[in-house]
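Peer 1: Encoded as structure tokens, here's the structure I'll be asking about.
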Amino acid sequence: MYELLNKIDSPADLRGTDREKLAELCGELRNYIIECCSGNPGHLASSLGAVELIVGLHYVFDTPKDKIVFDVGHQAYAHKILTGRREEFKHLRTAGGISGFPLPSESEYDAFVAGHASNSVSAALGFAEASKLQGLDSKAVAFIGDGALTGGLAFEGLNNAGSSRADLLVILNDNNQSIDGNLGALHNHLLKMTTSAGYNKLKNKVWHSLGDSRLRAMLQRWTRSVKAWFVRRTGGDLFEALGFRYFGPIDGNDIDSVVNTLRKLRNIRGPRILHCYTVKGKGYAPAEADPVIWHAPGKFDPESGERKTQARTVPRYQDVFGKVLCELAASDPRVVGITPAMATGCGMTPFAKEFPDRFFDVGIEEEHAVTFSAGLAAGGLRPFCNIYSTFSQRSYDEIIHDVALPRLPVVLCLDRAGLVGEDGATHQGAFDISALRCIPGAVISAPRNEDELRKLMYTALRQENGPFIIRYPRGNAEGCAWEGLPLEEFPVGKAEVLLEGSEVAAVGTGPVVNRALEAAGAFGGKVGVYYFRYVKPLDTAMLESIAGRCRTIVTIEDGSIKGGLFGAVSEWVSEHAPGVKVVPVGIGDLFISQDSQARQRSEWNLDTEGLQKIFQKCLEI
């Protein structure tokens, strides 16, 4: 079934493949990705669309000496398969298997880590300059999608690269017509002319003979002005303005066009960009028809395209968030919703349909999303800015400088907080509490169920000063009643006693406190459970009460214990109750690789069984 693909264990094998066989190989690659992802879910549609570009790059460039830097690993499945990981790809995103994203620690062909968007141009520019300074004969290629191009870091990289003389090639994988271009005779003529060896040899010879003369400067200005007119016709004026030579667009799913163009561009020096149109989900009809759903479809039947979804009896936290946002917006015209390109994932699609004028998808621009929200708040609105926890790291300065410092009422809803499962090290929401707890005036909360999330959103809407942060995990909520119940404002900074205890106090935040409550029931009142829905401000009165009765406090959090709730409680105990022992339960000081959420939580004792063992040990001390 995979006659050609099974012979390729490295890009060197690919480069030995007959040119006429490449289209057939691309078909085999595409079928292999579909087959593997149908039973072992991954990010499907983006990688299907990028097959020909990746085959072309490894066919033309001498990898791993030449560096290909991917922007977001969603595009890179064909790359993983062609670089010696064909069999391992069957275990993608599983415990002990390979990551869903390029990781240099996994393969020498993974030039740079690619879990978050928009870093490829900057990293590839670094490779290009490092190669030049060390006298190495290696090329640097940045492979960026049109979605990632909206990120501020991408523009910073392009701006710097365009003003350099770096030997950098940027591949723009445009699968959504984000930059217009004409695909006609004039365009094809311009492409052939500007990539031809004869044209570039003559051009360089003329410039060299003219030296630094005034005539050369005049000719260059005239050439740029004429070429700019042509480039504007083909959609490349933006890149030319940034200092890049623009080529394309080409059909990025036509392997002959890809290889022909790359071979010419490989030998052209300086910063240059190749604009490629591709079809997201290419070669698989269901994915082409609905690339949003098939971005990460879960398990499916590869023949019929039927997705194997299970009936959901418990809502997901993101679905609750979306419904509550609609509820609040219906009663308060100041409520607006902001997302950096995650409307479906964060549950904001219903809000977008019901309140289209109050919904803002700003693209992959977390920094802008936060400062834009600050501007909305300064203008009298009440923005709910929803960002995945791992991506909130990118907007750290904006949270401090643009929201906290002027004390603007922006509600930051951090979805996917804590352990996220198969997405692995690049996406774990482990660091938000530790990073944000030091910000003056910030309120940090973590609901333990869907009813708490609803009421915390209502509470946040009624606050006037500074960022109000609500973090909640990926996946199913607890299944408690919440819709239609009376709304209640929680006093900021107040904890709640769930179960009194005489010897050990389990101090928890977020849904893991429910597991603590389940575990504590086996100890006959010796273990108490205290729900700190607010990590900041901390309920020190509650801590003082606990420290007066219990000899051990166990802090429980689905986040990094360093600087998190454990850090907050330890700081207070060291000053006010030094005789009390504080035992942390949470995520340790390392990056967590891919596995199921259940196994990750078990590993870190964040499930009922693990907490029972921790409580038992504390009672035996």
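Peer 1: For the stretch 511-536, how many residues are in a loop (DSSP other than H, G, I, E, B) and within 18 Å of Glu620 (Cβ to Cβ)?
Peer 2: Matching residues across the stretch 511-536 total 3.
Peer 1: Residues of the stretch 478-533 being out of contact with any strand residue (DSSP E or B) (no Cβ under 9 Å at 6 or more places or on another chain) and on the phi > 0 side of the Ramachandran plot, which ones?
Peer 2: Gly479, Gly484, Gly524
Peer 1: Now for a different question. Search the stretch 610-621 for residues that are surrounded by 13 or more Cβ atoms within 10 Å (Cβ to Cβ) and pair each with any residue that is charged (D, E, K, R) and outside any helix (DSSP H, G or I) when their beta-carbon atoms are under 9 Å apart and the residues are at least 6 apart or on different chains.
Peer 2: Pairs found: Phe615/Lys526; Cys618/Glu503; Cys618/Arg551; Cys618/Lys581; Leu619/Glu503; Leu619/Lys526.
Peer 1: Does at least one position in the stretch 267-280 carry a residue that is among the charged types (D, E, K, R), at pLDDT below 95 and not in a loop (DSSP other than H, G, I, E, B)?
Peer 2: There is no residue in the stretch 267-280 that is among the charged types (D, E, K, R), at pLDDT below 95 and not in a loop (DSSP other than H, G, I, E, B).
Peer 1: Another question about this same structure. What number of residues in the stretch 96-138 are among the β-branched types (Val, Ile, Thr) and in contact (Cβ under 8 Å) with a residue 24 or more places away in the chain?
Peer 2: 2
Peer 1: Can you name every residue in the stretch 538-568 that is more than 17 Å from Val512 (Cα to Cα) and either crowded, with 24+ Cβ neighbours inside 10 Å or in contact with a strand residue (DSSP E or B) (Cβ under 7 Å, 6 or more places away or on another chain) (or both)?
Peer 2: Met542, Ile546, Cys550, Arg551, Thr552, Ala568
Conditions (1) assigned to a helix (DSSP H, G or I); (2) in contact with a Leu (Cβ under 8 Å, 6 or more places away or on another chain), marked per residue:
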{"position": "Met542", "(1), (2)": "yes, no"}
{"position": "Arg549", "(1), (2)": "no, no"}
{"position": "Ala568", "(1), (2)": "yes, yes"}
{"position": "Ser574", "(1), (2)": "yes, no"}
{"position": "Gly586", "(1), (2)": "no, yes"}
{"position": "Gln612", "(1), (2)": "yes, no"}
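Conditions tested, residue by residue: (1) on the phi > 0 side of the Ramachandran plot; (2) β-branched (Val, Ile, Thr); (3) touching a strand residue (DSSP E or B) at 6+ places or on another chain (Cβ under 7 Å); (4) at pLDDT 95 or above.
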site: Ile54; (1), (2), (3), (4): no, yes, no, yes
site: Tyr59; (1), (2), (3), (4): no, no, no, yes
site: Lys65; (1), (2), (3), (4): no, no, no, yes
site: Gln75; (1), (2), (3), (4): no, no, yes, no
site: Ala78; (1), (2), (3), (4): no, no, no, yes
site: Thr83; (1), (2), (3), (4): no, yes, no, yes
site: Gly96; (1), (2), (3), (4): yes, no, no, no
site: Phe101; (1), (2), (3), (4): no, no, no, no
site: Pro104; (1), (2), (3), (4): no, no, no, no
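Peer 1: Which one is surrounded by the fewest Cβ atoms within 10 Å (Cβ to Cβ) among residues in the stretch 312-361 that are assigned to a loop (DSSP other than H, G, I, E, B) and within 15 Å of the chain's Cα centre (by Cα)?
Peer 2: Of everything passing the filter in the stretch 312-361, Thr344 is surrounded by the fewest Cβ atoms within 10 Å (Cβ to Cβ).
Peer 1: Tell me the residue from Arg93, Arg86 that is in contact (Cβ under 8 Å) with a residue 24 or more places away in the chain, surrounded by fewer than 24 Cβ atoms within 10 Å (Cβ to Cβ), assigned by TED's automatic domain parsing to the domain that holds Gly49 and within 19 Å of the chain's Cα centre (by Cα), please.
Peer 2: Matching residue, one of Arg93, Arg86: Arg93.
Peer 1: Asn465 is checked against (1) modelled with pLDDT of 95 or more; (2) of a type in the set (S, T, N, Q); (3) part of a loop (DSSP other than H, G, I, E, B) and fails just one. What number does that condition carry?
Peer 2: Asn465 satisfies all of (1) modelled with pLDDT of 95 or more; (2) of a type in the set (S, T, N, Q); (3) part of a loop (DSSP other than H, G, I, E, B) except (1).
Peer 1: So Ser257 passes all but one of these: (1) hydroxyl-bearing (Ser, Thr, Tyr); (2) touching a helix residue (DSSP H, G or I) at 6+ places or on another chain (Cβ under 7 Å); (3) at pLDDT 90 or above. Which condition number does it fail?
Peer 2: Every listed condition holds for Ser257 apart from (2).
Peer 1: Then there's this: Just checking, which of Gly49, Gly56, Gly27 is touching a Lys or Arg at 6+ places or on another chain (Cβ under 8 Å) and either under 28 Å from Gly126 (Cβ atoms) or not charged (D, E, K, R) (or both)?
Peer 2: So the residue among Gly49, Gly56, Gly27 that is touching a Lys or Arg at 6+ places or on another chain (Cβ under 8 Å) and either under 28 Å from Gly126 (Cβ atoms) or not charged (D, E, K, R) (or both) is Gly49.
Peer 1: Considering Asp137, Asp110, which residue is part of a loop (DSSP other than H, G, I, E, B) and out of contact with any Leu (no Cβ under 8 Å at 6 or more places or on another chain)?
Peer 2: Asp137
Peer 1: Now for a different question. Yes or no: the stretch 272-292 includes at least one residue that is within 27 Å of the chain's Cα centre (by Cα), more than 23 Å from Leu48 (Cβ to Cβ) and not hydrophobic (A, V, I, L, M, F, W, C).
Peer 2: Checked the stretch 272-292: at least one residue is within 27 Å of the chain's Cα centre (by Cα), more than 23 Å from Leu48 (Cβ to Cβ) and not hydrophobic (A, V, I, L, M, F, W, C).
Peer 1: Exactly one of (1) touching a helix residue (DSSP H, G or I) at 6+ places or on another chain (Cβ under 7 Å); (2) assigned to a loop (DSSP other than H, G, I, E, B); (3) touching a residue at least 60 places away in the same chain (Cβ under 8 Å) is unmet by Arg263. Its number?
Peer 2: Unmet condition: (2).
The values are calculated or read from the model by the stated rules, or taken from the named source; none is laboratory data. Given the structure is predicted, the values throughout are model-derived calculations rather than measurements. Neighbour counts run over all protein chains shown; Cβ positions are idealised from the backbone, glycine included.
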